[in-house]
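Undergrad: After the C-alpha cells below, expect a handful of questions from me.
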Amino acid sequence: FNGAGGNLDSEKLWKLPEARDFVPCIQPSSNYKTPDKTRGYLLVRTNGGLNQMRTGICDMVAVARIINATLVVPELDKRSFWRDTSNFSDVFDEDHFINALANDVKVVKKLPKELSSATKIVKHFKSMSSFKYYRDVIGSLWEEYRVIRAAKFDSRLTNNDLPSDIQKLRCRACYEALRFAPQIEAMGKVISLTLLSIHFLASSACFSLFIVLIKFPILQLLVDRMRSYGHFIALHLRFEKDMLAYSGCTHGLSNAEAKELETIRDETANWKVKEIDATEQRYRGQCPLTPKEVGIFLNALGFPSETPIYIAAGEIYGGVTHMADLRSRYPLLMSKENLASVAELEPFTNHSSQMAALDYIVSVESDVFIPSYSGNMARAVEGHRRFLGHRKTISPDRRGLVHLFGQMEKGLLKEGSKLSNRIIEIHKNLQGSPRRRGGSVPGTKSMESTHSEEAFYTNPLPDCLCQRASQNVNTSIRESNRKVDRSMQKEQLKVL
C-alpha cells in the first residue's frame, strides 16, 4: 500500500503476498489404502448456506473414512432462511464427487432399497470432535445399526490433531471432489469462438488445440467480463438482511430497519440469541462493515476511484440508499446481475445456493478479495485462495477500524494521510501471506479453546501445503506467524 485516494504505486496495490513458494501436497501416504468393504451407511442432511454446507460435506467425507462408512450423497438444506429447493446435483457435480473419492470413501446416490426399513439411529455428533471419538464412539454403533444419520453436520470435526491422511482427504474433498455442477461451471466459463477462424481450424495441429479448448474451457464468463475493466476487487459485502438480523448489527440503519431486523431474529426459531446490544457488538468487531465504511477503508488503502469492484453478495439491505456513499466513491460497482443478462442468470435466479456459487467462483479468481465480515463464505474463499497460491486477500481488522471510524464521527480524525497511514499499518500483515493455521486463543479452556482455533478451511497450512524448495518453514513465515492478530482468532468463537 502507498498512500490514499489514488496517490499510489499501482503495482503495490495488486502485488501478491510474499513467500508464495507453497504448493498443494494432498496425495495420501504410502500407508493409505483403498477402503475395504464398508460397515454401514452414513446419511447426512446439511444445514446453512452454500459454504456452511460445503465445509460440512467435506468433513463428513472424512468422518465416513474414519468410521468405514458408505456415504450417501448429502441432502442440501431446504429449510434455512433462504428456503432454497436445490438438490446436491443442482449445485455440485454429483458424478464427479463420487468418482473423485473412489479411492477414499465409497459414495452412493441413494440408500439401497433393501435398507429402507433397516434399523437406523439419528446421532448428534459432538461439535469439534476428534479422530478417536469417531473411531471408537461412533464406530461402535455399527454393532447395532446399519445406517447412521448425522443430525447435524457442520463443525463436527476438529481443526487440528487429526492424522495427516485425514487432513489431506479433507482438502481433496474440498478442492478437487466438490466441484460445482456443470450448469454452474458453464455459466462461469465460455470459449470465444470468434477468436478462431475457419482458416485457423484448417490445420490438424490447430484443430487439436481447438478440441483441447472445448474440453478445458479457459475463459471464465463473469471473471472475463470483470477483467475487461482491468485488475479488480471481489468485495464480499455481507450487508444483507439475514446477516444483520442474526448479528443484531444496526449501525447506520433507521429505527424502522432496526425494528424489522429485530422481528426477523425473534421469529427465527433456530437463532438462539435474541437480545443483542448493537453498539457493544459493533465495538467487539462482530458486525460487518457498512458500505460507507468499506468505501472509507478502500480509499485509505489507496485504491483509486476507478477501481472495478465485484460485489459478491445477495441483496444489500436498504439497496440504493445504503450503497450510495460507496458508489459515489467507486462507481465501477459490478455484480452478477449487471455483468450477465437476465436470460443467462435465469436458471439460477431463484436458488440462493447456486447464485452464491457464482459469487464464489469470481471471488476465488479475483485479483484481490476483501470480505466485510468473517463469515462462512469469507473463510472458505480465503482458504481456497491460500490453497491456490496465497492469492491476495485483505482481511479488515473490524475492531481496529470501528475505533478509527468512531474517532471520525466525533470529529477527532478526518480522512487523509493520517487515517490512511494508520489503516495501512494495521493491515500490512493481513493480506493473505503464508502462515501456519492459528491455534486456540490463550486463556481459553476445553470446548471454548477448541472453538477458538482458526478454522481448517480458512487456512489449510501446514496440512495441505508444502514449500516447493524447502521442507523448513522460512524466516518470513515465522515472522508472519508471530504477527497474526489474535483478534482474528477470537472471532472464531462465534460460529455462524
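Undergrad: Explain nothing, just the number: dipole magnitude of region 222-440 about its Cα centre with +1 on each Lys and Arg Cβ and -1 on each Asp and Glu Cβ, in debye rounded to the nearest 20. Please report the intermediate quantities before stating the final value.
TA: On the way: 29 positive and 26 negative charges, 226 e Å.
In total the dipole reaches around 1080 debye.
Undergrad: Taking all protein chains together and a probe of 1.4 Å, list LYS12, LYS392 from the most accessible to the least accessible. Intermediate values should be presented prior to the final figure.
TA: Details: LYS12 95, LYS392 0 Å².
Ranked list, largest accessible area first: LYS12, LYS392.
Undergrad: Still on this model: Keeping all protein chains in place and using 1.4 angstrom, which order do GLU257, GLU415 fall into by accessible surface area, from largest down? Kindly include the intermediate steps, with their values, before the conclusion.
TA: On the way: GLU257 40, GLU415 80 Å².
The ranking, largest first, comes out as GLU415, GLU257.
Undergrad: Let me ask something else. May I ask you to give the percent of accessible area on region 222-440 that is carbon plus sulfur, with a probe radius of 1.4 Å? Numbers along the way, then the final one.
TA: Working: 4380 of 8800 Å².
That share works out to 50 percent.
Undergrad: Once phi is turned into θ = phi - 60°, what whole-Hz ³J(HN,Hα) does the Karplus curve with 6.51, -1.76 and 1.60 give for every residue of region 446-460, x standing for Gly and Pro?
TA: 3J(HN,Hα) across region 446-460, in whole Hz: 6, 5, 4, 5, 4, 5, 7, 5, 5, 5, 4, 7, 7, 8, x.
Undergrad: With the contact rule set at Cα under 8 Å and sequence spacing of 6 or more, what percent relative contact order holds for region 222-440? Don't skip to the answer; put the middle values down first.
TA: Details: 294 pairs, mean separation 60.6, N = 219.
Value for region 222-440: 28 percent.
Undergrad: If you add up the charges near ASP59, with Lys and Arg at +1 and Asp and Glu at -1, over every other residue whose beta carbon is less than 12 angstrom from its beta carbon, what do you get?
TA: Values: positive: ARG54, ARG65, LYS152, ARG156, ARG170; negative: ASP154.
My count for the surroundings of ASP59 gives +4.
Undergrad: Okay, moving on. So if each residue of separation counts as 0.36 nm, and I subtract the Cα-Cα distance between ASP224 and VAL23, what length gain in nm does that give? Provide the component values of the computation, followed by the final result.
TA: Working: separation 201, 0.36 × 201 = 72.36 nm, distance 2.54 nm.
Extra length available between ASP224 and VAL23 comes to 69.8 nm.
Undergrad: Provide the gained length on full extension for the span LYS418 to ARG149, in nm with one decimal, where the gain is 0.36 nm per separating residue minus the Cα-Cα distance. Display every interim value, and only then the final one.
TA: Values: separation 269, 0.36 × 269 = 96.84 nm, distance 5.65 nm.
Fully extending the segment from LYS418 to ARG149 adds 91.2 nm.
Undergrad: While we're looking at this one, here's another question. Can you tell me the relative contact order of region 40-179? Whole percent, Cα pairs under 8 Å, sequence separation 6 or more.
TA: 38 percent
Undergrad: Could you check the simple spin-label distance between ASN87 and LYS428, using points 7 Å along Cα→Cβ, in nm with one decimal?
TA: 5.5 nm
Undergrad: How many percent of DSSP beta bridges within the chain run antiparallel, rounded to 5?
TA: Details: 6 of 31 bridges.
About 20 percent, rounded to the nearest 5.
Undergrad: Can I ask one more? Would you mind working out the accessible area per residue for region 222-440, using a 1.4 Å probe, and quoting it in Å²?
TA: Numbers: 8800 Å² over 219 residues.
Accessible area per residue: 40 Å².
Undergrad: Read phi for every residue in region 244-249 and hand back ³J(HN,Hα) as whole Hz from Karplus 6.51 cos²θ - 1.76 cosθ + 1.60, θ = phi - 60°, with x for Gly and Pro.
TA: Running phi through 6.51 cos²θ - 1.76 cosθ + 1.60 with θ = phi - 60° gives 5, 5, 5, 7, x, 8 Hz.
Undergrad: Another question, if that's okay. Work out from phi, with θ = phi - 60° and the Karplus expression 6.51 cos²θ - 1.76 cosθ + 1.60, the ³J(HN,Hα) of each residue of region 273-279, listed in order in whole Hz, and give x for Gly and Pro.
TA: Karplus-based 3J(HN,Hα) across region 273-279 equals 8, 9, 8, 10, 7, 4, 5 Hz.
Undergrad: Contour minus end-to-end for VAL137 and GLU275, with contour as 0.36 nm per residue of separation and end-to-end as the Cα-Cα distance? Please list the in-between numbers first.
TA: Details: separation 138, 0.36 × 138 = 49.68 nm, distance 3.68 nm.
Answer, rounded to one decimal: 46.0 nm.
Undergrad: Quick one: of LYS241/LYS274; LYS241/LYS410; LYS12/LYS392, which pairs are farther than 18 Å apart, Cα to Cα?
TA: Working: LYS241/LYS274 16 Å; LYS241/LYS410 28 Å; LYS12/LYS392 11 Å.
Where the Cα-Cα span goes over 18 Å, the pairs concerned are LYS241/LYS410.
Undergrad: Right, next: Using Cα pairs closer than 8 Å and at least 6 residues apart in sequence, work out the relative contact order for the chain, in percent.
TA: Values: 824 pairs, mean separation 104.0, N = 496.
Worked out over the chain, it gives 21 percent.
Undergrad: So, R0 is 41 Å and r is the distance between the beta-carbons of LEU388 and ASN255; what FRET efficiency does that work out to, to 0.05?
TA: Working: r = 44 Å, r/R0 = 1.08.
Efficiency for this residue pair is about 0.40.
Undergrad: Count the DSSP beta bridges whose two residues both fall in region 222-440, then state the antiparallel fraction as a percent rounded to the nearest 5.
TA: Working: 1 of 11 bridges.
Percent antiparallel among DSSP bridges in region 222-440 is about 10.
Undergrad: Would you tally the net charge around HIS403, using a Cβ to Cβ cut-off of less than 13 Å, leaving HIS403 out, and scoring K and R as +1, D and E as -1? Please list the in-between numbers first.
TA: Working: positive: ARG282, ARG284, ARG398, ARG399, LYS410, ARG422; negative: GLU293, ASP397, GLU409.
Around HIS403, the surrounding residues sum to +3.
Undergrad: If you take every residue apart from ALA181 with its C-beta less than 12 Å away from the C-beta of ALA181, what net charge results, scoring Lys and Arg +1 and Asp and Glu -1? Spell out each step's value before the answer.
TA: Numbers: positive: ARG179; negative: ASP90, ASP93, GLU94, ASP95, GLU185.
Once positives and negatives cancel, what remains is -4.
Undergrad: Moving on. Show which lysines lie in cross-link reach of LYS123 when reach means a straight Cα distance below 25 angstrom and same-chain residues fewer than eight apart are skipped.
TA: Straight-line reach from LYS123, under 25 Å: LYS37, LYS78, LYS106, LYS109, LYS110, LYS113, LYS132, LYS152, LYS272, LYS494.
Undergrad: So how do SER254, SER452 rank on accessible area, 1.4 Å probe, biggest first, that is with the largest at the start? Intermediate values should be presented prior to the final figure.
TA: On the way: SER254 55, SER452 0 Å².
My answer, sorted largest first, is SER254, SER452.
Undergrad: Now for a separate question. How much accessible area does GLU280 have with a 1.4 Å probe, in Å² rounded to the nearest 10?
TA: GLU280 exposes around 100 Å² with every protein chain in place.
Undergrad: How big is the chain on each of its three principal axes, counting only the C-alpha atoms and giving the largest first in Å?
TA: Result for the chain: principal-axis Cα extents of 69, 69, 49 Å.
Undergrad: Determine how large the accessible area of SER29 is when every protein chain is in place; take a 1.4 Å probe and give Å² rounded to the nearest 10.
TA: Rounded to the nearest 10, that gives 50 Å².
Undergrad: Enumerate the amide H contacts of ARG149 below 5 Å, restricted to partners 5 or more residues apart or on another chain; note that Pro and chain-start residues carry no placed amide H.
TA: LEU43, ILE121, VAL122, LYS123
Undergrad: Extending each Cα 7 Å along its Cβ direction at TRP14 and LYS123, get the distance between those two points in nm, one decimal.
TA: 5.2 nm
Undergrad: Let me ask you something else. For TRP142, what accessible area in Å² do you get when you roll a 1.4 Å probe over the heavy atoms of the protein chains, rounding to the nearest 10?
TA: 20 Å²
Undergrad: Given Cβ point charges of +1 (Lys, Arg) and -1 (Asp, Glu) and nothing else, what value in debye, to the nearest 20, does the dipole of the chain about its Cα centre take? Spell out each step's value before the answer.
TA: Values: 68 positive and 56 negative charges, 258 e Å.
That gives the chain a dipole magnitude of about 1240 debye.
Undergrad: Whose amide H sits under 5 Å from the amide H of ALA312, counting only residues 5 or more places off or on another chain, with H placed in the peptide plane?
TA: Here the answer is LEU235, HIS236, LEU237, since their amide H atoms fall under 5 Å of that of ALA312.
Undergrad: Using a basic spin-label model with each label point 7 Å from the Cα along Cα→Cβ, how many nm lie between LEU332 and SER164?
TA: Here the modelled spin labels are 4.5 nm apart.
Undergrad: Could you order peptides 113-122, 92-101, 234-243 by the average number of other Cβ atoms within 10 Å of their residues, highest first?
TA: Details: 113-122: 11.0, 92-101: 18.1, 234-243: 23.8.
Per-residue mean Cβ counts within 10 Å order the peptides as 234-243, 92-101, 113-122.
The values are calculated or read from the model by the stated rules, or taken from the named source; none is laboratory data. Note that the structure is a prediction, hence the values are computed from the model and not measured. So basically every Cβ, Gly included, is an ideal-geometry build from the backbone, and we count neighbours across all protein chains shown. Note: accessible area is taken over every heavy atom of the protein model, side chains too, but ligands, DNA and RNA are not part of it. Shrake-Rupley method; radii C 1.70, N 1.55, O 1.52, S 1.80 Å.
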